[in-house]
Amino acid sequence: MKFYAVKGDNYSNIFTSWDEAKKAIATICNPKYKSFASENDAKDFLDGKNILNEIKEPVCYIDGSYDEKTNAYSFGGILLYNGKEYEFKRRFESDEYSLHRNVSGEIRGASYIINYSLKRGIKKLHLFYDYIGIEKWYKGEWKANTNIAIKYVNFAKEVDGKIEVVFHKVKSHTNDKYNDIADRLAKEALDLA
C-alpha cells in the first residue's frame, strides 16, 4: 500500500488513494506532495522531518537514463558514507538490455552500488530509487520475466545474508537533492546533461 502525503498553506493530509490526493492537490495553495511506502514516512514528510537525518547507516540514490538515438542506457548514483559523497555514473552501449531503456540502467546501478558497498564491508544500506521494480524484484515480490530482471533477482540471492538493503521509494523530479544528483549523473553518462 502507498501513502500519499499532501501539504500546502494551512493544509496537510495523508491519503491511500492517488485519485483522492490529486483532488486535494488541485484545491490547496502551494501544494507539496510525495508518495511513501510507510505511513510513518508520510507523517515525517508532513512534519518536515528529513528522513536522511534519522538514518545512521550508509545511504545511496540511483537513477537510470536512456538515449533514444543510440539505444545506450546508463545509471547515475551517489553513496553517502562516512561523511563523504561518492558519485557513480556508467554508460552501457546498445545491447540486449537496451529494450528496457532506463530501467536497465536503474537495475545495473542498484546492483553496482550494492556490490560496491558489500566490498567495503557495509552490512546495511539504505537505497533510494524512483522505479518500484528495483525493490520488488530484489525482494522476490515481482516475477522476473526479462533477462535483466532475472539477472538482478539472481544477484539479490547471491548477496542475501551478506548485506541488508532497506529500500525507499522517492518520486522523481520533485526537488529531492540526491535523487536529482543521481538523475544528472545518469544523463551525464550519456552526454544528455
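The values are calculated or read from the model by the stated rules, or taken from the named source; none is laboratory data. Computed from a prediction, not measured in an experiment: that's the story for all the values here. In this analysis, Cβ positions are derived from the backbone assuming ideal geometry, glycine residues included, and neighbour counts consider all displayed protein chains. Accessible surface is based on the protein model in full, side chains and every heavy atom, while ligands, DNA and RNA are left aside. Shrake-Rupley method; radii C 1.70, N 1.55, O 1.52, S 1.80 Å.
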**OP:** Find the strands (runs of 3 or more DSSP E) located wholly in the stretch 11-80 whose residues include 2 or more that are among the β-branched types (Val, Ile, Thr), and list them.
**Re:** 59-67
**OP:** Could you grab the pairs with beta carbons closer than 6 Å, sequence gap of 6+ or different chains, first residue in the stretch 43-70 and touching a residue at least 60 places away in the same chain (Cβ under 8 Å), second one hydroxyl-bearing (Ser, Thr, Tyr)?
**Re:** Pro58/Tyr81; Tyr61/Tyr178; Ile62/Tyr129; Ser65/Ser74; Tyr66/Tyr73
Subject >> Residue in the stretch 161-179 that is surrounded by the most Cβ atoms within 10 Å (Cβ to Cβ), counting only those that are part of a helix (DSSP H, G or I) and touching an Asp or Glu at 6+ places or on another chain (Cβ under 9 Å) >> reply: Asn179
Subject >> Tally of residues being more than 27 Å from Glu141 (Cβ to Cβ) and surrounded by 15 or more Cβ atoms within 10 Å (Cβ to Cβ) across the stretch 12-31 >> reply: 6
Original post:
Could you say which residue among Tyr178, Tyr138, Tyr112 is closer than 20 Å to Glu85 by Cα and either in contact with a Leu (Cβ under 6 Å, 6 or more places away or on another chain) or without any contact (Cβ under 8 Å) to a residue 40 or more places away in the chain (or both)?
Top reply: Tyr112
Original post:
Can you pull out the residues in the stretch 133-154 that are within 18 Å of the chain's Cα centre (by Cα) and surrounded by 15 or more Cβ atoms within 10 Å (Cβ to Cβ)?
Top reply: Gly133, Ile134, Glu135, Lys136, Trp137, Tyr138, Ile148, Ala149, Tyr152, Val153
Original post:
Does Glu54 satisfy the condition of being modelled with pLDDT under 85, farther than 21 Å from Ser172 by Cβ and not β-branched (Val, Ile, Thr)?
Top reply: yes
Subject >> Lone unmet requirement of (1) without any contact (Cβ under 8 Å) to a residue 12 or more places away in the chain; (2) surrounded by 13 or more Cβ atoms within 10 Å (Cβ to Cβ); (3) closer than 16 Å to Arg108 by Cα for Glu158 >> reply: (2)
**OP:** Of the conditions (1) open to solvent by 80 Å² or more (accessible area, probe 1.4 Å); (2) at pLDDT below 90, Ser35 clears all except one; give me its number.
**Re:** (1)
